[in-house]
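> Got a structure for you, questions after.
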Ligand code: GLU
C-alpha cells in the first residue's frame, strides 16, 4: 500500500439533522482516504451542549452506516477531550501565544458601538494584548478572564486551497480570537485545531462555510508548532430552487431517502457526482469511485440537487441488481405496506416490476398486485365483460388449464389462439384479465403477470369473475 499517511476526517456537529450536503462532506474525505489507503476518522463536535444531542449522534452514525461510510477511528467526542484542550490552552498561554482579557461584555458592547458609530468594522481593540513596553490596565477584581489568541498584527495568511486556489486573508482583518471562555471551556476553532493535530489529519475536506475559520485555524496550528493540513473547501449544495440546502429550505434527511427506498450505492453514486466528476461518467460503482476520486476534479461552483436525476440513478441500480438481493431489500418495504410474499415469487415479481419503478417503495407498492387479495373495480369491469368477451375468457380458462407448461410463452400462445378463435383484439381480453386476476387496470404484459401466479389461482379468479357476472 502506498502513502498510508493520508488521514481525513468527518467532523459533524450533532445538532439534529443530516442532509445530503452534510453526508457529502463525509463521502469525499472517506473516498480520499480509501483511495490513498489511508485512514478516515469520525469526530463528533459536540461542544455546543445546548444544541447537541445523543439522538443526533445516533442519526449521524446510522446515516454513515447505511451509506457504507465506515470509519477507521472514532467516533471521537470533543466533550471527552476537555482535559487535553485545557493542557494546550495552558501551553499557548505559557508560550505567549494567548493572553487573558478582562474586558467585560458591557465594555465590549460599548466598544462595538463606538466603532460602528465611527463607521468602523467592530473588532477587539487589543486592550489586554501584551506588547513590549506596554502597560496593561489593572486587573479588575473578581473577574474571570477569557483567553484570546494573539494573532500576528501584520502580514497575511494564505493557503493553496485544493478547490478554491490560493486564498489569502490580511491578518489585520482577524482580531484576537477568544479561545477559552471565562469558565475555561475552549471555543470551536481552537478545538478543531487541537483535534486535527492530535488526530494527525493530513487533508481537511469540508464545506466552504468554514473558509473564514481557516486563516484563524492556520495561525493556531503555527503557534502550536504544527503544519496546517491540506485544505479543500467544498462549494455548497443548492436545492432545486437554488437556495442553500438546509432543513429550513425543505431538505430531507439522509435516512428519509433510505426509508423512501433509495439504495445506498445509488446515493453514493449520485452524491459523488454532485460536486465531482470523472469525465462524463454518470454511473459507477463504489469501487470505481474510490479508485477515481481526487481533489483535482472537485467542482468549483455550487452544485444543485436534482431529485429527478437521483431517481434515475436509483432506478438504474435497481434494474441492475441481483434478483435475490433486490428481493431481500424489498421485504421490509412489503411488510411496511402490510404485504407478505406468498404464492408468487418475490424475486420474479420484483424483476418484472422494477422496470416501472424508481424506488424500492414504488416496487413494493406495485407488488400489491401479487400479494393483496384483488378487489376488481366492478364499475370498470362491467363494460369490459361483454358476452363475447366472457365467452372468450371461459375458453381461455379451459386452454390455460390444459397447458402442458405454465410459462409466459405458453400462456401467450394460448391467449393468441383464443383471440383468433373469438375474433377479439388483445386489449379486449387483457384488460378484464388484469382486473380479475390482479385487481388493477395497469400491469406489465399480461402473460408475464399471469405466469407468476399459481395456475389454480388464475383459473379460480377468472372463473369466479365471469361466473359471478354471468349469474347476475
Ligand atoms: N463541525 C463542523 C460542521 O459541522 C465541521 C468542522 C470542520 O469540518 O472543520 O460544520
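> What percent of all Cα-Cα pairs in the range 127-175 falls in each 10 Å bin, counting up from 0?
P(r) over the range 127-175, rounded to whole percents: 19, 34, 26, 14, 7.
> Report for the range 152-263 the percent antiparallel among DSSP-assigned beta bridges with both residues inside it, nearest 5. Don't skip to the answer; put the middle values down first.
Working: 8 of 13 bridges.
Close to 60 percent.
> Please report the relative contact order for the range 105-211, taking Cα pairs under 8 Å with a sequence separation of at least 6, and give it as a percent rounded to a whole number.
Worked out over the range 105-211, it gives 19 percent.
> Further question: Over the alpha-carbon set of the range 290-424, divide Rg by the Kirkwood Rh and report the Rg/Rh ratio to two decimals. Walk me through the intermediate numbers first.
Working: Rg = 21.8 Å, Rh = 18.8 Å.
For the range 290-424, the value is 1.16.
> Counting alpha carbon pairs within less than 8 Å and at least 6 residues apart, what relative contact order, in whole percent, applies to the chain?
Computed over the chain, the figure is 12 percent.
> Mind checking the log10 I(q)/I(0) for the range 196-260 at q = 0.26 Å⁻¹? Debye, one equal scatterer per Cα, no solvent, two decimals.
-1.09
> Taking all pairs of distinct Cα atoms, average 1/r, flip it, and tell me the Kirkwood hydrodynamic radius of the range 397-472 in Å to one decimal place.
12.6
> Using only the Cα atoms, work out Rg/Rh for the range 344-460, with Rh taken as the Kirkwood radius, to two decimals.
Expressed as Rg/Rh, it is 0.96.
> How many angstrom lie between the C-alpha centres of the range 203-222 and the range 86-143?
Here the two parts' Cα centres lie 23 Å apart.
> Divide the volume of the convex hull of the Cα atoms of the range 178-286 by its number of residues and quote the answer in cubic angstrom per residue.
177
> Further, regarding this structure: If we count other beta carbons within 10 Å of each Cβ, what is the order of 419, 136, 147, fewest first?
136, 419, 147
> A further question follows. Using alpha carbons only, how many degrees (0 to 90, rounded to 10) separate the axis of helix 20-35 from the longest principal axis of the chain?
Computed tilt is about 80 degrees.
> Using only DSSP helix segments of four residues or longer, with each worth -39500 (n - 2.57), what per-residue ellipticity at 222 nm results for the chain after dividing by its residue count and rounding to 500?
Result for the chain, helices only: -14000 deg cm²/dmol.
> Moving to a separate point now. Compute the whole-percent fraction of alpha carbon pairs in the range 1-144 spaced more than 22 Å apart.
Details: 6312 of 10296 pairs.
Here the tail beyond 22 Å accounts for 61 percent of pairs.
> Something else now. Calculate how steeply helix 188-198 sits against the longest principal axis of the alpha-carbon atoms of the chain, using the helix alpha-carbon long axis, and give the answer as 0 to 90 degrees to the nearest 10.
80
> Moving on to the next point. Evaluate Rg over Rh across the range 105-197, taking Cα atoms for both radii and Kirkwood's formula for Rh.
Using only Cα positions, Rg/Rh for the range 105-197 is 1.01.
> Right, another one. When the distances between all Cα atoms of the range 240-296 are binned every 10 Å from zero, what whole-number percent does each bin get?
All Cα pairs, binned at 10 Å, distribute as 20, 42, 34, 4 percent.
> Going by average Cβ neighbours within 10 Å, how do the peptides 222-232, 99-109 rank, with the highest at the top?
So the order, starting with the most tightly packed, is 222-232, 99-109.
> Report, in cubic angstrom per residue, the convex hull volume of the C-alpha atoms of the chain.
Residue-normalised Cα hull volume stands at 206 Å³.
> Expressed as an acute angle from 0 to 90° and rounded to the nearest 10, what is the orientation of the C-alpha long axis of helix 360-371 relative to the principal long axis of the chain?
20
Taken together, the values in this text are just the output of simple stated rules run on the coordinates, not laboratory data. What you see is a predicted model, and the numbers here were worked out from it, not measured in a lab. As a convention, Cβ positions derive from the backbone with ideal geometry for all residues, glycine included, and neighbour counts pool all protein chains shown.
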